[in-house]
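Read through the structure below, which is laid out as structure tokens, and then see the notes.
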Amino acid sequence: MKLFSLRTAVIIMLVMVAMNLKAQNNSKYPPQRLTHQMTPEEALNRHLIGRDFVETPPPTGTITSLAEFERAKGVLVRYPFGIPVALIREMARDAIVTTLVTGTSEENTVRAQYTSAGVNLDNCNFIYAPSDSYWTRDFGPWFVSYGDNQVGIVDFPYNRPRPNDDNVPVKVAESLGLPLFGMNVIHTGGNYMTDNYGMAASTTIAYTENSSQTPAQVDQKMQNYLGISDYHVLEDPNNTYIDHIDCWGKYLAPSKVLIRSVPVSHPQYDELEATAAYFEGTICPWGVPYEVFRVNTPQNQPYTNSFILNDKVFVPIMGTSYDEAALEVYRQAMPGYQIFGIIGQSSTPWESTDALHCRTHEMADPDMLNIRHYPLLASQPVAYSYTLEANIAAFSGQEVIADSVLLYYRVNPNIYTPFEAVNMTHASGNQWTANIQSSEPGSTIQYYIHAADASGRSENHPFIGKSDPHEFYVGEQLFAHINTDISSVEATVMKDETEEVSLDILNTGELSLNYFITVSTDQPDTLSYALTNSPAATAYNSNTFTENGWTSLAIAEEGLLSEIVISYNWTTDNYATEGSFWVESPSGAKQMLASGQASGTYTISNKSIAGEQLLGNWKFWIEDSYGDGGHQANNITVKFVRVVSTGDWLSVDLSQGSIASGDTDRIMVGLDATGMELGTYQGYINILSNDVEVPVLVVPVTFTVSFNTPVWENPVTTSSVKVYPNPGNGIYTIEVQGVSHSFSEVEVTDLTGRVVYSMQNLSIRTAQRFTISAPQLPAGIYLLKLKGEGEQQVLKLIRN
């Protein structure tokens, strides 16, 4: 009886396993049931992972695992989605979005959703491939370049028993017509980051999940199939179930890595600090230590789980006060890139172990224009010139345009220093070279490489080009340091007269100071407008503008904006994180003003809009990332802060120059009151230089235009009058000396001539002091007049 029961139990278990396997093969797992963790049913089938995997010979020739931050043709996502359709819309503006669907019916469903959400269907592609989950990062294809400028796909056994997901790289390779290589190493994309130069990093599950192979064998296959010659396998500092590297770190460039940070009280603080220190002490493929950036994740926010798509970076945000600081880290680390904060859907929210990066996967361009270059960085030996080499390959087979292969460089730059172009010379094959002449020892040299081919493609190295160029130093880096002899310029000029004031620029540093001067007489001016209330929270699905036409604002005023300020009352549903408020300028520039706000009253200031023209049609709208509305703004006031010029009254006689260490340049500042109205004007002299500590030195200018009067032509010369304190608080002591005749009247006027204070019937003689008390005077510049028998004395009086 016991034997029968045992046999029966075994048979029943085998039948259940077989049924479970069949369920997997038929994709019977409801998508909402699957998580990154294995279900109990899947755990029973863990032993099936990779069991039927067929390994192929590896690629030939030089193999490079293509990095996420290199040029991509587009992105791979899966339906049903794990990401907002609004994100897909943004990605499809200038990249191909490839969607995994089961067949024609699902494709039509997705096309309808895309059309409704305003997605550019011309940039949409579909692959028929059943899938078990939306984690295209984890099971998706790994792209490599190899052989004679070819692109192929490396497949691997996915570390989850999900056959449909595991088969996606095969389907992608078939759809794109790319060669497929099978590497028998159980892996997952969320635990793999590479830099395009033979270096990669993963956590230790890369070894522990391949228990039938030694770490050395795993490393060898990573090299054979992916070209990874330097594989960094680390303990997971997060100490979570998933052990994916994208939950705590990310390569941003071959020389940059982002690592999450937490407060000292966090249980993983020591482990994360040790991981950051590990990368800080590691030499990157370009021969210098990694530049490590830290993003604060005190509540385990998944800020490192971002996705780079060409020049755009999509960062998962949570609708909390920590989001903006996280986005700023990306802006600092990746200048020139467009940084987008993306709120997750309420049905599939971002999690600390599963966010935006997990649910997207870059798709390489098989016809890419590839620039491979090992840059000069940090301190370089002093030399007469420096030779730079690059391998430039057009995978399309089209010709590289010789005149387009340029090396742009600049020496000891400020932010306005232009790059000079040098034609690179074709050496042989795909090799190109150029020389940069050296500069004085201690100089900083910045450069980037540009090329184009006959297919219409053009690329830079580094990818973003001049916004974040390569930089090296001639010997030990030295610095210039700027000083001026005066901190501000103040002058009073009679109407229709001119005056010059000297300004000395000093270089107290050890390196030549290169400077560039601009002047500004712009003043802020605010224009206020009221918007109609947005549609009711239930009156739209995804976008109030495309669905309801809310709202446009036609501005007839001209000028350049410096800031936009918007105040409003906001009401939202239980899913505040789905709502966002947007603006688009007449030029088409879009800015997200706010997102994830709870119900309340807000005033938002946005200076990212600075430089946009005010004149034209402005658009405002609300988006819901899930597509069911739920948010409304009312009592909306929009203030456009523009800059208005007060005239061309300020000038300098030099606009740029170079000052050797220890030397001085004298600049003459011109102040021209011709045609100016009476009053006080503010301007600025902006000195941009290669002083890294003070790249922009601002010298404020106070320019007072006064009226012409004979008083100034015949001042009293036999008397001496002192006023103190000056500037003062409205109460001043007047001391008179050496007056041959008496003063009988005191008068204070503003610069338009209006009397604001007076004293009469006085008898003021030599060596006398008296006090005037006018604390009610507003801050500004005034004229103090002492009047007597045939003589006057006029002095400038300042109220602070």
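Please tell me if SER385 is touching a Cys at 6+ places or on another chain (Cβ under 8 Å) and open to solvent by 40 Å² or more (accessible area, probe 1.4 Å). For SER385, the condition - touching a Cys at 6+ places or on another chain (Cβ under 8 Å) and open to solvent by 40 Å² or more (accessible area, probe 1.4 Å) - is not met. Across the range 732-790, the qualifying residues are those that are outside any strand (DSSP E or B) and polar (S, T, N, Q), and the one among them that is modelled with the highest pLDDT is GLN776.
Against the conditions (1) closer than 29 Å to GLN597 by Cα; (2) open to solvent by 20 Å² or more (accessible area, probe 1.4 Å); (3) touching a Leu at 6+ places or on another chain (Cβ under 7 Å), PHE516 satisfies every one except (1). Inspection of the range 70-89 identifies no residue that is among the small types (Gly, Ala, Ser), buried (at least 20 other Cβ atoms within 10 Å of the Cβ) and touching a His at 6+ places or on another chain (Cβ under 7 Å).
Among the residues of the range 343-358, the ones that are within 17 Å of SER595 (Cα to Cα), open to solvent by 20 Å² or more (accessible area, probe 1.4 Å) and not in a loop (DSSP other than H, G, I, E, B) come to 0 in all.
Residues in the range 572-585 that are surrounded by 16 or more Cβ atoms within 10 Å (Cβ to Cβ) and of a type outside the set (A, V, I, L, M, F, W, C): THR572, ASP573, TYR575, THR577, GLU578, GLY579, SER580, GLU584, SER585. Would you confirm whether or not the range 359-379 contains a residue that is farther than 30 Å from HIS461 by Cβ and buried (at least 18 other Cβ atoms within 10 Å of the Cβ)? No: the range 359-379 contains no residue that is farther than 30 Å from HIS461 by Cβ and buried (at least 18 other Cβ atoms within 10 Å of the Cβ). The residue of the range 711-731 that is surrounded by the fewest Cβ atoms within 10 Å (Cβ to Cβ), among those that are assigned to a strand (DSSP E or B) and at pLDDT 80 or above, is TYR724.
Scanning the range 530-571 for residues that are part of a strand (DSSP E or B) and hydroxyl-bearing (Ser, Thr, Tyr), we see that the one that is surrounded by the most Cβ atoms within 10 Å (Cβ to Cβ) is TYR568.
The residue that is nearest to ASP52 (Cα to Cα), counting only those in the range 141-182 that are open to solvent by less than 10 Å² (accessible area, probe 1.4 Å) and small (Gly, Ala, Ser), is GLY182.
Being over 30 Å from GLY140 (Cα atoms), more than 25 Å from the chain's Cα centre (by Cα), surrounded by 15 or more Cβ atoms within 10 Å (Cβ to Cβ) and in contact (Cβ under 8 Å) with a residue 12 or more places away in the chain, is that true of even one residue in the range 388-395? Within the range 388-395, one or more residues are over 30 Å from GLY140 (Cα atoms), more than 25 Å from the chain's Cα centre (by Cα), surrounded by 15 or more Cβ atoms within 10 Å (Cβ to Cβ) and in contact (Cβ under 8 Å) with a residue 12 or more places away in the chain.
Let's see how each residue does on (1) surrounded by 15 or more Cβ atoms within 10 Å (Cβ to Cβ); (2) farther than 19 Å from ILE88 by Cα:
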site: SER599; (1), (2): no, yes
site: SER605; (1), (2): no, yes
site: ILE609; (1), (2): yes, yes
site: GLU612; (1), (2): yes, yes
site: ILE622; (1), (2): yes, no
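The residues in the range 420-456 that are touching a Ser or Thr at 6+ places or on another chain (Cβ under 7 Å), open to solvent by 60 Å² or more (accessible area, probe 1.4 Å) and of a type in the set (D, E, K, R) can be counted, and the count is 1.
Checked against (1) out of contact with any Lys or Arg (no Cβ under 6 Å at 6 or more places or on another chain); (2) modelled with pLDDT under 95; (3) farther than 16 Å from VAL519 by Cβ, VAL705 passes all but a single condition, namely (1). Test GLY509 against the stated conditions and say whether it is under 30 Å from PRO700 (Cβ atoms), at pLDDT below 95 and open to solvent by less than 50 Å² (accessible area, probe 1.4 Å). Here the answer is no, as GLY509 does not meet what is asked. Which of the residues spanning the range 92-140 are in a loop (DSSP other than H, G, I, E, B) and open to solvent by 30 Å² or more (accessible area, probe 1.4 Å)? Across the range 92-140, the qualifying residues are ARG93, ASP94, THR102, GLY118, ASN120, PRO130, TYR134.
Name the residues in the range 684-701 that are open to solvent by 10 Å² or more (accessible area, probe 1.4 Å) and under 21 Å from SER512 (Cβ atoms), would you?
ASN686, ASN690, VAL692, GLU693, VAL694, PRO695, VAL696, LEU697 - these are the residues of the range 684-701 that are open to solvent by 10 Å² or more (accessible area, probe 1.4 Å) and under 21 Å from SER512 (Cβ atoms).
Within the span defined as the range 398-406, one or more residues are open to solvent by 40 Å² or more (accessible area, probe 1.4 Å), over 17 Å from THR425 (Cα atoms), at pLDDT 95 or above and in contact with a strand residue (DSSP E or B) (Cβ under 9 Å, 6 or more places away or on another chain). Scanning the range 73-91 for residues that are part of a strand (DSSP E or B) and among the β-branched types (Val, Ile, Thr) yields a count of 2.
The values are calculated or read from the model by the stated rules, or taken from the named source; none is laboratory data. Just so you know, these numbers come straight off a predicted model, no measurement behind them. Cβ: placed from backbone, ideal geometry, glycine included. Neighbour counts: every protein chain shown. SASA here: full protein model, heavy atoms, side chains in, ligands and nucleic acids out. Shrake-Rupley method; radii C 1.70, N 1.55, O 1.52, S 1.80 Å.
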